[in-house]
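See below for the structure under consideration.
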Amino acid sequence: MAKIASPRPTGFLALLSVATLLVLAALYCVAFVARPDVTLGIVQKIFYFHVSSAIAMMLCLSCGSMLSLIDLFAPSDRIDALAHSAIETGLAFALMVLTSGPLWARKSWGAWWTWEPRLTLTLMLLLLAAAVLGIRSMAADGTGRKIAAALASLAAPVAYLIHVAVEKWGGTHPMVLKGGGIQSPGMQLTFRVAMLAILLFAATLWTLRFRVLRLEQRLHALRLELSAQDVRKQRPGAPT
Amino acid sequence: MLLRLTWLLLQKDLRVAARSREVFGFMLLFALLCVVVFAFGFLREGEAAAAQVPGVLWVTLLFSGTVGLLRLFAAEEEGGTLVLAERTLAGATPLLLSKALMQLLFSGVTTLLLLPVVLVFFDASLAQPVLVLAALALGLVGQAMLGALVAALLVHVRLREVLLPLVLYPLLAPLVIAGVRITVLTQAGAPAEALEGWLALMLGFDALVLVTAPWLHARVVEL
């Protein structure tokens, strides 16, 4: 049988430790290195986790969609597990973005929610990812996987069109990075550390879910083999 | 071969629909009911009812389309002929295309009957009927094709009555946003140039769906 997941997850434990240390370092930087924003005050500090989570979400969901497309072309258990875990991780970060976003929006725009392009797009991505995962869990093993892969690969171009539509619809979003809004070195350092920490955290979650899914696949294969052996025992004449 | 098989399957569906008439009738009734419920929900004293027309029209079509889509593959499923219809000489595409055309026919007729009702109920008139009808046509084509794909994929899935709208509505978001904007802009008397971008967006969506849906369907069904 092919090696599915190594019994001693040394690489994973290393990733987990580095990600944990970086998240702690990011928290320290956010609290003590970066100064509160002049106009927005302390709420601006959400920015460090909000923006990096949004980037992690986009990366995970685009990877999930692309891997789903590959799985449709050349079905493989490995790619399927990678795609599925990517979408799950993307969904987790979408939740993170949609929790931290309104907290910031309340302070800077005066409202918890506005139908502003990027908010709308993030919400739609969350709904799409949830629907894909929901279908996968409702359908029987083989079909659910294919249906979810088909819908996930269609979701990426549709998400682009949603992006075009909501941009055309109009709105305002703080363009902190393009406008050069963070100039103090402390803020820049904090942003870089937080970015790295969140991306490694996403990679850790993704790897964790991937390993669990691979183990589930292996368990499933072992069960099938076991039941096949039982059938052979009951019919001694059958070829082994 | 593809077109001939599609036409044969469509003829079969048309004959079944003409004999039973149930799905289409319920779809129309449901659409009418939606309009009434929206009137309860959105009309305010002292505000022009006509302002609600774009939203009511497009959301009603989105909802009532679902009624048809959920029953699209009912005959094949109940008769146990789904596998046969998926394995024609031209693959599974004729089945998908015939179902999409069937849905387009149902939703198209529903729209034509519904539009005057909405205009009367909400005391409105269409400023640029050609543009609005074009947007409706583009919207219904996209909904029919994508809806037929999702319905086909979900045929054997548990809870598909719940899952179909859950998947379909977010995927149709670009069409609904564009359709409502176009209707709003025509009501406000915007020049035709202002609508071009939205119409192009709908056209792009339809092109994407028309090209990818048969391919995705084949990948899932024929493997």
Task: Pairwise Lys count, the range A:18-217 - Cα closer than 27 Å, eight or more residues apart or different chains - done: 5
Task: Ellipticity estimate at 222 nm from DSSP helix runs (n ≥ 4, -39,500 (n - 2.57)) divided over chain B, nearest 500 - done: -27500 deg cm²/dmol
- [ ] Please give the average number of partner chain Cβ atoms lying within 10 Å of the Cβ of each residue in B:159-169, rounded to a whole number.
- [x] 4
TODO: Divide by every residue of chain A the summed helix terms, -39500 (n - 2.57) for each DSSP H run of at least 4, and state the resulting mean residue ellipticity at 222 nm, rounded to the nearest 500 deg cm²/dmol.
DONE: -27000 deg cm²/dmol
Open item on the list: Can you give me the accessible area per residue for chain B, using a 1.4 Å probe, in Å²?
Closed with: 45 Å²
- [ ] Just tell me how shielded B:144-157 is by partners: mean number of partner chain Cβ atoms within 10 Å of each residue's Cβ, no decimals.
- [x] 3
Task: In the A-B interface, the accessible area buried, summed over both sides, Å² (probe 1.4 Å) - done: 2600 Å²
Open item on the list: Can you give the log10 of the normalised intensity I(q)/I(0) at q = 0.10, 0.14, 0.17, 0.18 Å⁻¹, computed with Debye over equal Cα scatterers of the range A:1-133?
Closed with: -0.46, -0.80, -1.03, -1.09
Open item on the list: Give me, ordered by chain and number, the residues 5 or more places off B:Thr88 or on other chains with an amide H under 5 Å from its own placed amide H.
Closed with: none
- [ ] Arrange the peptides B:66-74, B:129-137, B:144-152 so that the one whose residues have, on average, the most other Cβ atoms within 10 Å appears first.
- [x] B:144-152, B:66-74, B:129-137
Open item on the list: Could you sort the peptides A:110-122, B:197-209, A:220-232, B:79-91 by per-residue average Cβ neighbour count (10 Å cutoff), highest mean leading?
Closed with: B:197-209, A:110-122, B:79-91, A:220-232
Open item on the list: Just want the answer: with Cβ charges of +1 for Lys and Arg and -1 for Asp and Glu, which residue in B:Val157, B:Leu126, B:Phe26 is farthest toward the dipole's positive end in chain B?
Closed with: B:Val157
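The values are calculated or read from the model by the stated rules, or taken from the named source; none is laboratory data. This structure is a prediction, so every number in the text was calculated from the model and none was measured. Positions of Cβ are backbone-derived with ideal geometry, glycine not excepted, and every protein chain shown enters the neighbour counts. Just the protein is used for accessible areas: all its heavy atoms, side chains included, with ligands, DNA and RNA removed. Shrake-Rupley method; radii C 1.70, N 1.55, O 1.52, S 1.80 Å.
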